[in-house]
Amino acid sequence: MEISVFGTGYVGLVAGACLSDLGNTVTCVDIDEKKIEALNRGNVPIYEPGLEELVKKNHAEKRLFFTTNSVEAIQNSRIIFIAVGTPQDEAGRAELKYVIQVAQTIAKNANSPKIIVDKSTVPIGTAKKVQDLVRSITSHEIDVVSNPEFLREGTAVRDFLEPDRVVIGAYNEKSADTIGLLYKPLGKEILFTSPESAEMIKYASNAFLATKISFINEIANLCEKTGADVCEVAMGMGLDPRIGKQFLNAGAGYGGSCFPKDVAALQRIAQDHDLEMKIVHATQQVNAGQKIVPVEKLRREFASLAGKKIVVLGLAFKPNTDDMREASSVEIIRALSKEGARICAIDPIAEENAKKILAGTKGLEFEKDPYKAAKNADAIILATEWNEFLELDFARIGKEMKSKILVDARNVYDKKTLMGLGFKHQGIGR
Ligand code: UGA
C-alpha cells in the first residue's frame, strides 16, 4: 500500500521504517529539512537499536522515502499516518496544534479518498475533531482512524514488529479493515474499537503502568522502614498472574517523554469533564518525590554534601536510549548541585543531550571512563541501569574511591558481593 507518515520522531520514524519493511511503500514527511536530508543519507537522528539498519535497507530497496514535500506525499498516498508531537502545554494538556496543522494540510491537498491514521497520543475526542475538521474543508471522502502506538524507546522496532496488541479505533468497518490489513503480516489479534476507546486505551495503559511503578516505589519506601526487601516483595506479588511481574521494579521513579506527559494530560482531560483522577494524581506526586530519594540517602551519609564528589552513573531516562526527557538523573544532579556537591556524570550515549538540559549546572562535569570518574569519589549513584555499568569491576572502582558508598537507585547490583568488597550498598526499598 502507498502510505505517508507525517512526523519523523520516535513513533513516526519507527512506524514508517517498519511499515516499509512489511512491504508497503512509505514516504516519511517532516518540515525539518536538515533532518530529511540526513535521513536521505541514511543518518538516523535518534539512538534506537535496529532502526538505522531498517531505514538504510528499506531506503536502498526503494520502499522508504523521506521528503519535505507534503503535497506530493498526500496525493500519492491512500493512507496517511499522523505521528507528530503532542507536547505538554502549560496547563498540562496535550498540545494539538501540530496534529491539526497536518490534518488541515491533508484536507486542503486531498485529491482522492484517504484514511488518516492518528498515531500521536491525543486527548479522547481528537479523532472526531479531526474528522469534522477535514470534512469541513474537502468533499473527498476522508476517514479518521485512531491507532495508538505502544512501543517503548530502546526496543521500539521489536515492539512495533512483535506487538502485544494492535488497537484500531474506527468509525466504519471499511477503514478499520483497510488499516487492519497493514498489521496482518504481524499475525497478532487486532482489537477493533471506537476511536474514543482507542484514544483512552493509550492514556489508561500508560497511566496504569506509571501507577504500578509509583505503587511499588511507595511499598519500597515502607520496606525500608520495616525491614522487608522490595525485590523479594515484588517477586512474591508478581507470581500472582493477576498482578504480573513486569513494571514492579522500584527505583528512582519513571521518566521519559510518555509517562510524565500522559499522566498530566489524563488529569487535565478529567478536569475538563469535571472529574478528578485521584489515583493518577497520587502517582504523579509519588514519582516527583521518588526521583530525589537517592540524594536523600546521601544526605544521611554525610554531614554536608558541599564539596563532596558524587559520581552519577547513567543519565538517560532508561537504558538503550539517548533520551533525557524527564530523566531522574536530572533531578538528582540538580539537587546535588544545589547542595554544593561536585558531580561527575557518565552515560554511554546520552551525554550530548544531557549537556544541553543541564547546561550551567554548578559543579557538574562529564567523564567517559567510570574508573577515572571514581578517583577520590565520596559516593556513586547508579541512576540508569546501562549494561556497561552492570559489568563494572567494583574491586577496582572501590580502590579509586575515597569512601565506598554506592546508592543503587535501580536495584541492579548484588548487595552481598558489594558488601564483600567493603562497599556500603544502598538500594531502594531493601
Ligand atoms: C512507555 C510505555 O511502556 C510504552 O508502552 C508506550 O508506548 C510509551 O511509553 C509511549 O507512550 O510512547 P517508554 O517511555 O519508552 O514507554 O519507557 P518504559 O520502558 O515504559 O519506561 C518508562 C520509565 O519507567 C523509565 O524511566 C523506567 O526506568 C521506569 N520504570 C519502568 C521503572 O521505574 N520501573 C519499572 O518497573 C519499569
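Considering only C-alpha atoms, what is the centroid distance from the stretch 276-314 to the stretch 17-72, in Å?
40 Å
So what is the relative contact order of the stretch 1-125, in percent, for Cα pairs below 8 Å that sit 6 or more residues apart?
Value for the stretch 1-125: 29 percent.
Order of 55-61, 153-159 by packing, highest average Cβ count within 10 Å first?
153-159, 55-61
Taking the Cα atoms of the stretch 288-364, what is the range of coordinates along each of the three principal axes, in descending order and whole Å?
Sorted largest first, the three principal extents are 35, 24, 18 Å.
Treat every Asp and Glu Cβ in the stretch 2-193 as -1 and every Lys and Arg Cβ as +1, leave all other atoms uncharged, and give the resulting dipole magnitude about the Cα centre to the nearest 20 debye.
Working: 22 positive and 26 negative charges, 61 e Å.
The calculation lands at about 300 debye.
Kindly work out what percent of the DSSP beta bridges joining two residues of the chain are antiparallel, to the nearest 5.
5 percent
Using mean Cβ contacts within 10 Å as the protection proxy, how do 67-76, 133-142 order, highest first? Walk me through the numbers before you get to the answer.
Numbers: 67-76: 17.1, 133-142: 15.0.
Highest mean packing first, the order is 67-76, 133-142.
Per q in 0.14, 0.17 1/Å, what log10 I(q)/I(0) does a Debye calculation on the alpha-carbon atoms of the stretch 202-289 return?
So the normalised log intensities are -0.51, -0.71.
From the phi angles alone, apply the Karplus equation (6.51, -1.76, 1.60; θ = phi - 60°) to the stretch 104-114 and give each ³J(HN,Hα) in whole Hz, x where the residue is Gly or Pro.
5, 4, 4, 4, 5, 10, 5, 10, 6, x, 9
Only sites in a loop by DSSP and with at most 10 other Cβ atoms within 10 Å count here; which trypsin sites (Lys or Arg not before Pro) in the stretch 226-319 make the cut?
R242
So if I place +1 on the C-beta of Lys and Arg and -1 on the C-beta of Asp and Glu, and nothing else carries charge, what would the dipole magnitude of the chain be about its Cα centre? I want it in debye, nearest 20.
I would put it at about 1060 debye.
What are the semi-axes of the equivalent ellipsoid for the stretch 2-193, taken as the square roots of 5 times the Cα gyration tensor eigenvalues, largest first, in whole Å? Show your work: numbers first, answer last.
Numbers: eigenvalues 107, 72, 61 Å².
Calculated on Cα positions only, the semi-axes equal 23, 19, 17 Å.
Provide Rg over Rh for the chain; use the alpha carbon set for both Rg and the Kirkwood Rh (inverse mean inverse pair distance). Mind dumping the intermediate values first?
Numbers: Rg = 23.5 Å, Rh = 23.2 Å.
So for the chain, dividing Rg by the Kirkwood Rh gives 1.01.
Which order results if T27, T178 are arranged by neighbouring Cβ count within 10 Å, fewest first? Display every interim value, and only then the final one.
Values: T27 23, T178 18.
Ordered from fewest to most neighbouring Cβ atoms within 10 Å, T27, T178 come out as T178, T27.
Between rounded, prolate and oblate, where does the stretch 291-426 land on the alpha carbon gyration tensor, with a ≥ b ≥ c its root eigenvalues, rounded for a/c under 1.5, else prolate if a/b exceeds b/c?
Note, shape of the stretch 291-426 comes out oblate.
Place +1 on the Cβ of every Lys and Arg and -1 on the Cβ of every Asp and Glu in the chain, take the dipole about the Cα centre, and give the residue among I397, A60, V412 whose Cα lies farthest towards its positive end.
With unit charges placed on the Cβ atoms, the residue in question is I397.
Which percent, to the nearest 5, of DSSP beta bridges fully inside the stretch 326-430 are antiparallel?
Details: 0 of 9 bridges.
Around 0 percent of the beta bridges assigned by DSSP in the stretch 326-430 are antiparallel ones.
A short reminder: the numbers here are calculations on the coordinates, not readings from a lab. Since the structure is predicted, the reported quantities are computational estimates derived from the model, not experimental observations. Backbone-built Cβ (ideal geometry, glycine too); neighbour counts: all protein chains shown.
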